[in-house]
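Notes follow once the structure below has been shown.
The values are calculated or read from the model by the stated rules, or taken from the named source; none is laboratory data. The shown structure was predicted, so the numbers you read here are calculated from the model rather than taken from an experiment. A quick note on method: Cβ atoms are made from the backbone with ideal geometry, for glycine too, and the neighbour counts reach across all protein chains shown.
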Amino acid sequence: MPPQELKIAMLGARGVGKTSLLTAMYEQFEETIGQTNLQLTPDLESSALLQERLGQLKSLLDHYEAKGGMDGRSDPRSFVFDLGNKGAKPSLRLHFRANNSSFHRN
């Protein structure tokens, strides 16, 4: 039986940092929660996207200048993680969907 799935929507304008936030959270997981009996495993596509963004974020530190940022994407992105006890079948699937949105005030 597949793990129960929790769908999480991340809304924000293009380039505000939805994918960067998720990347930072994943990268820090092992240092914080990873010391417990929990395990967070991204699927292959999510892992590739996160590793690419992590490289981009780390390279910002090489020549840091407080202006601009990274280009955002216009297409929606999905990130899928399995969460559960280490060494056991995952009990929960986290499905993050990052959508660009425009907020208009009348």
For the range 50-74: of the residues being at pLDDT 85 or above and touching a Leu at 6+ places or on another chain (Cβ under 9 Å), which is farthest from A88 (Cα to Cα)? R53
Pair list, Cβ under 6 Å, 6 or more apart: the range 1-13 residue without any contact (Cβ under 8 Å) to a residue 24 or more places away in the chain, other residue exposed (fewer than 10 other Cβ atoms within 10 Å of the Cβ): none
Tally time: how many residues in the range 1-15 are under 17 Å from K89 (Cα atoms) and not in a loop (DSSP other than H, G, I, E, B)? 3
Flagged in the range 43-54 as closer than 12 Å to R77 by Cβ, free of Cβ contacts under 8 Å to residues at least 12 places away in the same chain and aliphatic (A, V, I, L, M), in numbering order, are A48
Does the range 17-24 contain any residue that is loosely packed, with under 14 Cβ neighbours inside 10 Å and either modelled with pLDDT of 85 or more or not basic (K, R) (or both)? no
Pull out all pairs, ordered by first then second residue, where Cβ-Cβ is under 7 Å, the residues are six or more apart or on different chains, the first lies in the range 16-42 and is closer than 20 Å to R93 by Cβ, and the second is of a type in the set (K, R) and in a helix (DSSP H, G or I). T19/R53; T23/R53
